[in-house]
Amino acid sequence: MKIKNSEEEYDKNDRFSDDTKLYVDIMEKVVKDNEWKKPIRELWEVCSDSMEWVYPDFGTEAFLSQIYKQSIEHFDIPREVQVLVDANNNLFMSVGTPGFVSFANQDDELYGSEEPMKLPIKCWIHTHPNMSAYFSGTDWATIDTWKGNLDSAIVLGQGEMWAYDCKTEIGKHVSFIKTNSGRYSVTEGEE
Ligand SMILES: [Zn+2]
């Protein structure tokens, strides 16, 4: 199986398959499944007061890791998920295909909650399951659409993340690497 590297590549294929019955059936089931949100909300309860979205610290990274984990592990296949943190610190979440996520057919998440979403959005977080963390053309378009009402945006990919401050246009790109190979080469010949 060919591994796709770009979100655009996914976009094209996923949207063309929109009208197949199987796709509709699966998406209906996925959208109705709210279980994936629970671990994220539980963690949010204990850490929401101390989030650093623009330059994520250890606690913020732990929360982001939980979102990525759900995106990879919870569904039938790895799927993109997004989490909006609004001005009241409420979370709004949705799930999509491996390469695309929106609130289409999931707008009860936006309008059905006790408190309506309050602007500006503190952070728009979404995942690129098993892909690199970068802002695709679609993502920049979303950021432009929200201009003035979005403080920060974060993409979570495989072993890396990219946080972006919409006001200063400065980002923090973090990659997590396994350092074993480096360690062994350094100690070689010491004995
Ligand atoms: Zn994206």
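Read-outs: derived from the displayed coordinates by stated rules, not from any lab. As the structure is a computational prediction, the values presented were derived from the model and not from experiment. Positions of Cβ are backbone-derived with ideal geometry, glycine not excepted, and every protein chain shown enters the neighbour counts.
I want to make sure I understand the PRE zone here: with the label point 7 angstrom from the Cα of GLU61 toward its beta carbon, which residues in segment 125-143 have backbone N atoms less than 20 Å away? What the label zone holds, given the 20 Å backbone N cut-off, is 125-135.
Treating r as the C-beta distance of GLN158 and ASN105 and R0 as 30 Å, the FRET efficiency rounds to 0.65.
Once you reduce segment 133-158 and segment 27-67 to the center of their Cα atoms, the two points are 17 Å from each other. For segment 101-160, averaging the sequence separation of C-alpha pairs within contact (under 8 Å, six or more residues apart) and dividing by the residue count gives a relative contact order of 42 percent.
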